[in-house]
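The structure under discussion appears below in the form of structure tokens.
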Amino acid sequence: MEKQELQPNMDPEKVFHMTGGVGVTSYARNSSLQKKASDMVRHITTDTIQELFIKTTPKSIGVADLGCSSGPNTLTIIKDIVEAVEGSSHKILHPPPEFRVYLNDLPTNDFNSIFKALPEFYKELRQEKSGGSCIPSIFIGGYAGSFYGRLFPNNCLHFVYSSYSLHWLSRVPPALYDEKGGSINKGHVYISESSPPQVSQAYYKQFQEDFTLFLRSRSEELIVGGRMVLIFLGRKGPDHVDRGNCFFWELLSQSFAELIAKGEVEEEKLDSYDVHFYAPSKNEIEDGVRKEGSFGLDRLEMFQIESNNNEDQKDDHDHAGKNISYGAEVARTVRAIQESMICHHFGEGILDHLFEHYGRLVDEEMGIEKIEPITFVIVLRKL
């Protein structure tokens, strides 16, 4: 049987996307953890855009959601923003603006699912209006492309929102491979305790490049005084290896190792697979904003999502109708996010076994000690 060609440097822009549609493994049905985080900081999002609107009172307001994906969370945040601005316009007796909404994600994103949901979105807005008041003019469009570069015309945006996207890098750091294409991080998909120092250095360097390019690009597109609310995963301190986001990737590496031991995956395939992910620290974020220089940092907060319940999970039962564990819930979430990349590299045949192992490992580790992934929310103001 001919070996599949290894692709250690696959292009995420051409391959990476959340699992589309509304099936059991889709992102739409497995993104409740992300919604929980968005809900926890909703007041920051709405307060920020309300303050912006009151200061600028534009007739037409440009709003972008970068990394919008394709689940129900996408239009929920747009609805929150529209209602927040409308509320402010009534308070100051100013006509509400028209809304230009730019939904952005990579070209492989399931934009059709969003477009199919728009009639219901507009219907809900109309139903919530009372006293014969009209819904504001809302023009929504999809804009495919990487946010690590320009997406929109100069000065067309007032507000940028991005949730659970900026921890994804533009590429797997090339320095993870030697001049012969061999991995310097064998057996692991991310930074681990046994990784040489060059691995964390390569990831940090890629994050610096990407974050700087992101800020520079948005500084061209936002008006002076425009705001950004960015929500993304990170880490508590200077150590890259902790029992947070990094540990979830280590458990994925262990899950692959179990499949290798059973002969279901070739070791060489794992050695040539690394995730295009980075969990920055508070200091690294602050340093990146300061060095790029286009934005003032108005707010930076760190928070955790409680892992002891899953009441918001709409699909929290297995095929037999039984409740699923926290580990299984995390496994479904990670699968909905990573499925496209894993399928491209390993083939789809390993998915079920891989994430069965992964869910079990998460539950086992949670029984020993909590895993505490942290999230940052930052508010930036265009200078």
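The values are calculated or read from the model by the stated rules, or taken from the named source; none is laboratory data. Keep in mind the model is a prediction, meaning the values are calculated, not measured. Counting neighbours? That spans all protein chains shown, and the Cβs are built from the backbone with ideal geometry, glycine included. Protein only, heavy atoms only, side chains kept; ligands, DNA and RNA dropped before computing areas. Shrake-Rupley method; radii C 1.70, N 1.55, O 1.52, S 1.80 Å.
A run of the chain free of exposed loop cleavage sites, with GluC sites (Glu not before Pro) counted only in DSSP states other than H, G, I, E and B and at most 12 other beta carbons within 10 Å, reaches its longest extent at 6-178. The trypsin sites (Lys or Arg not before Pro) found in segment 145-234 that occupy coil by DSSP, while having at most 10 further C-beta atoms within 10 Å, are LYS180. For the set ILE140, ILE114, solvent exposure ranked by accessible area (probe 1.4 Å, protein chains only) runs largest to smallest as ILE140, ILE114. Note on segment 74-153: Kirkwood hydrodynamic radius from all Cα pairs is 14.2 Å, rounded to one decimal. Axis angle, to the nearest 10 degrees, between helix 282-292 and the longest C-alpha principal axis of the chain: 60 degrees.
A full extension of the chain between THR108 and LYS205 corresponds to an added length of 32.3 nm, given 0.36 nm per residue minus the alpha carbon distance. Going through the cross-link list LYS91/LYS282; LYS205/LYS370; LYS186/LYS262, which pairs have a Cα-Cα distance over 28 Å in this structure? In this structure, LYS91/LYS282; LYS205/LYS370 exceed 28 Å between Cα atoms.
Each residue of segment 254-264 was assigned a 3J(HN,Hα) from its phi angle through the Karplus expression (A = 6.51, B = -1.76, C = 1.60, θ = phi - 60°), giving 5, 5, 4, 4, 5, 5, 5, 4, 8, x, 8 Hz with x at Gly and Pro.
Derived scalar couplings between HN and Hα for segment 369-383 equal 7, 4, 9, 10, x, 10, 10, 9, 10, 10, 10, 10, 10, 5, 7 Hz in order, rounded to whole Hz, by the Karplus curve 6.51 cos²θ - 1.76 cosθ + 1.60 (θ = phi - 60°), x for Gly and Pro. Under a GNM of the chain (C-alpha, springs under 10 Å), which listed residue has the highest mean-square fluctuation: MET228, MET341, MET302? Largest GNM mean-square fluctuation: MET302.
Calculated from the alpha-carbon coordinates, segment 148-214 shows an Rg and a Dmax of 15.5, 47 Å respectively. Among beta bridges from DSSP that stay inside segment 83-240, the antiparallel ones total about 5%.
Couplings 3J(HN,Hα) of segment 295-300, computed from phi: 10, x, 8, 7, 7, 8 Hz, in residue order, whole Hz [Karplus 6.51 cos²θ - 1.76 cosθ + 1.60, θ = phi - 60°; x for Gly and Pro].
Each residue was assigned an accessible area with a 1.4 Å probe, and for LYS36 the value is about 30 Å². With the whole protein complex present, CYS68 retains an accessible surface near 10 Å², based on a 1.4 Å probe. Under a Gaussian network description of the chain, with springs only between Cα atoms under 10 Å, the residue in GLN127, GLN254, GLN198 that fluctuates furthest is GLN127. Bridge orientation summary for the chain: considering DSSP beta bridges with both residues in this region, about 45 percent are antiparallel. When the chain is treated as a Gaussian network with alpha carbon springs shorter than 10 Å, the biggest mean-square fluctuation among ILE231, ILE223, ILE191 belongs to ILE223. Across the chain, the mean sequence separation of Cα contacts (distance under 8 Å, 6 or more residues apart), normalised by length, yields a relative contact order of 23 percent. For segment 129-183, the C-alpha radius of gyration divided by 2.2 N^0.38 Å, with N the number of residues, is 2.00. Centroid-to-centroid, using Cα positions, segment 171-187 and segment 340-371 are 23 Å apart.
On a per residue basis, the convex hull of the C-alpha atoms belonging to segment 226-273 measures out at 128 Å³. The distance between label points at MET302 and VAL241 comes to 2.0 nm (points 7 Å beyond Cα on the Cα→Cβ vector).
Computed extension length for ASP178-ASN155: 4.1 nm, one decimal, from 0.36 nm per residue of separation with the Cα-Cα distance subtracted.
Across segment 202-249, Cα-Cα distances exceeding 13 Å account for 70% of all pairs.
Each eigenvalue of the Cα gyration tensor of the chain, multiplied by 5 and square-rooted, gives one semi-axis; in descending order these are 36, 24, 19 Å. Each of GLU124 and ARG42 was given a label point 7 Å from its Cα along the Cα-to-Cβ line. The distance between the two points is 1.0 nm. Using the Cβ-Cβ distance between CYS134 and LYS91 with R0 set to 25 Å, the FRET efficiency from 1/(1 + (r/R0)^6) comes to roughly 0.85.
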